[in-house]
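Engineer: Structure provided below as structure tokens; questions to follow.
The values are calculated or read from the model by the stated rules, or taken from the named source; none is laboratory data. These numbers were taken from a predicted model, which means no experiment stands behind them. In this analysis, Cβ positions are derived from the backbone assuming ideal geometry, glycine residues included, and neighbour counts consider all displayed protein chains. Just so you know, the surface numbers come from the protein's heavy atoms only, side chains and all, with ligands and any DNA or RNA stripped out. Shrake-Rupley method; radii C 1.70, N 1.55, O 1.52, S 1.80 Å.
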Amino acid sequence: MDAAFRTTLTSLLSQPVEWGCEMAKYTSFSIGGPAAALVKVTDNKELRSLLQFLYLENMSWRVIGRGTNLLIKDEGYRGVIILLAGSFKSISCSGTDEEGAVRVSAGAGCSFTKLQKYCIEAGFAGLEFGFGIPGTLGGAVIMNAGAYGDEISSTIRQVEVITRQGGLAVNRDELTFSYRNWDDFQNFRGRGIVTGVELQLSRSNSEAVGKRCLSLHTERLKSQPQNHPNAGSFFKNPPGDSAGRLIDLCGLKGLSVGDAMVSTQHGNFLVNNGKATAKEIKHLMRLVQDHVKSTHGIDLEPEVHFI
Ligand code: EPU
């Protein structure tokens, strides 16, 4: 990134650019080398100019949320990492529709936890399954985050996407989601960014919504590790089974490569015991995949995304 590039990039944004930003502090794994630049974008206008500039400069970029499902290389990333801040963190209720459902609009950069707290206060039901899932709303949509038999796609009405040409709103019936995936997101990747979501929730009351959130959250705390940096479930569950159960049956809990370890509490969590590197996590990932393949004949596919 030469001086002219740096000057223009800085001038396009209201927030300071972090050059050579260590990404470990932006991921729940606490792993990842430096990104050439990390930018926080505060509104649609800034984001669009940024995309146009990066396109003209032929510079690679990636958007990240709270980095809760992400493994970033030890060597880092040679492009621009984009974070959605400012107006992309807003939440508002846009009314009730004909069927009595509540419409809540939120920016993709909004933390999923903040959105759930808003829903508890307002007494809006539909997102309780995710209470305690870290990350941003944008990340939750791209991953089709889910738990306890529910997933976010069932509450989505519309997704807002921005490309360097402008913004568009895509209705739910034009989108295809599957287990832990927004299938046609590939159509937008590299040229589009999810900036906001309109959700359709049902009206309940604060006490009932809060109670359900608390009970599911308690379940999660019991079964999932809390004390070491991790990225949630590392592998997708194979159809009809549980990756954690299969890994456990292979006796792999506690298996380590350097500071990367299979959690002793839940087999599908790879944890950072201190100074784990991305290389160690990947090495451990392959060991687990090999064991599960040779013992159960099943290929485990990572749920975690890689940069
Ligand atoms: N199990 C074991 N040993 C283990 C782990 C699990 O025997 O080490 C057994 C459990 O006893 C249970 C079954 O496997 O009978 C399933 O385990 P669990 O209830 O913990 O659910 P999971 O399938 O491992 C999924 C999601 C989680 C979500 C929970 C709760 C995936 C990959 N994971 O986990 O989502 O919180 O259900 O609904 O779908 C995430 O996606 O990051 C995530 C944490």
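Engineer: Considering only the stretch 245-257, how many residues are more than 8 Å from the ligand (Cβ to nearest atom) and either under 18 Å from Ile133 (Cβ atoms) or without any contact (Cβ under 8 Å) to a residue 24 or more places away in the chain (or both)?
Structural biologist: 2
Engineer: Do you know which residues across the stretch 70-104 are in a loop (DSSP other than H, G, I, E, B) and modelled with pLDDT of 95 or more?
Structural biologist: Ile72, Lys73, Asp74, Glu75, Gly76, Ala85, Ser90
Engineer: May I pose another question? Hey, can you tell me all the residues within the stretch 210-222 that are near the ligand (Cβ under 9 Å from one of its atoms) and in contact with a strand residue (DSSP E or B) (Cβ under 8 Å, 6 or more places away or on another chain)?
Structural biologist: Selection gives Leu216, Arg220.
Engineer: Oh, and also: Consider the stretch 235-244. How many of its residues are touching a residue at least 40 places away in the same chain (Cβ under 8 Å) and more than 8 Å from the ligand (Cβ to nearest atom)?
Structural biologist: Qualifying residue count, the stretch 235-244: 2.
Engineer: Just for the stretch 197-244: of the residues that are among the basic types (Lys, Arg) and in contact with an Asp or Glu (Cβ under 7 Å, 6 or more places away or on another chain), which one is nearest to Ala106 (Cα to Cα)?
Structural biologist: Taking the candidates together, the pick is Arg212.
Engineer: Which one is most open to solvent (accessible area, probe 1.4 Å), of the residues in the stretch 35-49 that are closer than 15 Å to Phe88 by Cα and part of a helix (DSSP H, G or I)?
Structural biologist: The selected residue is Lys45.
Engineer: Here is a further query. Filter the stretch 58-76 for residues that are away from the ligand (no atom under 16 Å from the Cβ), open to solvent by 50 Å² or more (accessible area, probe 1.4 Å) and under 23 Å from Leu47 (Cα atoms) and give the result.
Structural biologist: Result: Asn58, Ser60, Arg62, Val63.
Engineer: Suppose the filter is open to solvent by less than 60 Å² (accessible area, probe 1.4 Å) and either within 16 Å of the ligand (Cβ to nearest atom) or basic (Lys, Arg) (or both); does Pro225 pass it?
Structural biologist: yes
Engineer: In addition: Across the stretch 281-294, what is the number of residues that are closer than 18 Å to Gly232 by Cβ and charged (D, E, K, R)?
Structural biologist: Total meeting the criteria: 1.
Engineer: Would you check if Ile91 is touching a helix residue (DSSP H, G or I) at 6+ places or on another chain (Cβ under 9 Å) and surrounded by 22 or more Cβ atoms within 10 Å (Cβ to Cβ)?
Structural biologist: No; evaluated as a whole, the condition is false for this residue.
Engineer: Also, quick follow-up: Within the stretch 265-303, can you find the residues that are in contact with a Phe, Trp or Tyr (Cβ under 8 Å, 6 or more places away or on another chain), within 12 Å of the ligand (Cβ to nearest atom) and in a loop (DSSP other than H, G, I, E, B)?
Structural biologist: Scanning the stretch 265-303 gives Asn268, Phe269, Leu300, Glu301, Glu303.
Engineer: Which condition does Phe306 not pass, out of (1) aromatic (Phe, Trp, Tyr); (2) within 12 Å of the ligand (Cβ to nearest atom); (3) surrounded by fewer than 19 Cβ atoms within 10 Å (Cβ to Cβ), if it passes all the others?
Structural biologist: With (1) aromatic (Phe, Trp, Tyr); (2) within 12 Å of the ligand (Cβ to nearest atom); (3) surrounded by fewer than 19 Cβ atoms within 10 Å (Cβ to Cβ) applied to Phe306, the lone miss is (2).
Engineer: Residues that are touching a His at 6+ places or on another chain (Cβ under 8 Å) and on the phi < 0 side of the Ramachandran plot: does the stretch 273-291 have at least one?
Structural biologist: Yes: the stretch 273-291 contains one or more residues that are touching a His at 6+ places or on another chain (Cβ under 8 Å) and on the phi < 0 side of the Ramachandran plot.
Engineer: Six or more apart or on different chains, Cβ under 7 Å: which pairs go from a residue in the stretch 62-77 that's farther than 13 Å from Ala24 by Cβ to one that's part of a loop (DSSP other than H, G, I, E, B) and more than 16 Å from the ligand (Cβ to nearest atom)? Could you list them?
Structural biologist: Pairs that qualify, where the first residue is farther than 13 Å from Ala24 by Cβ and the partner is part of a loop (DSSP other than H, G, I, E, B) and more than 16 Å from the ligand (Cβ to nearest atom), are Arg62/Ile307.
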